[in-house]
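First up is the structure itself, then whatever we jot down about it.
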C-alpha cells in the first residue's frame, strides 16, 4: 500500500483568484514547484506546506491530507 499526500491547492488557489505564478511569488518558489506540488508529483517540505497553507488562508491540515 502506497500513501500519497493529496491536496486542494488548485481548488483553493482558483477560489482565491491566484495563478500558479502569483502563488509561487507569495511563498518564494517557482511556478513549476507550485505546479508539481499541486499535481502530486512533488511532496513539499513541512515549511513549504505551511507557507502554502498560510498564503491560501487555510490550516495546513485542510490543504493537505494523506490518501491511501
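The values are calculated or read from the model by the stated rules, or taken from the named source; none is laboratory data. In this text the structure is predicted, and so the values were computed from the model without any measurement. So basically every Cβ, Gly included, is an ideal-geometry build from the backbone, and we count neighbours across all protein chains shown.
Considering each of 67, 11, 25 in turn, give the residue that is within 12 Å of the chain's Cα centre (by Cα) and either modelled with pLDDT of 95 or more or on the phi < 0 side of the Ramachandran plot (or both).
Answer to the selection: 11.
Among the residues of the range 36-50, which ones are part of a helix (DSSP H, G or I), exposed (fewer than 13 other Cβ atoms within 10 Å of the Cβ) and in contact with a helix residue (DSSP H, G or I) (Cβ under 9 Å, 6 or more places away or on another chain)? Full working, then the answer.
Of the range 36-50, the ones part of a helix (DSSP H, G or I) are 36-38, 46-50.
Pick out the ones that are also exposed (fewer than 13 other Cβ atoms within 10 Å of the Cβ) and you get 46-47.
Across the range 36-50, the qualifying residue is only 46.
Listed here are the residues, each with its yes/no results for (1) surrounded by 17 or more Cβ atoms within 10 Å (Cβ to Cβ); (2) free of Cβ contacts under 8 Å to residues at least 24 places away in the same chain; (3) not in a loop (DSSP other than H, G, I, E, B).
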residue: 2; (1), (2), (3): no, no, no
residue: 10; (1), (2), (3): no, no, yes
residue: 13; (1), (2), (3): yes, no, yes
residue: 17; (1), (2), (3): no, yes, no
residue: 23; (1), (2), (3): yes, no, yes
residue: 34; (1), (2), (3): yes, no, yes
residue: 52; (1), (2), (3): yes, no, yes
residue: 57; (1), (2), (3): no, no, no
residue: 65; (1), (2), (3): no, no, yes
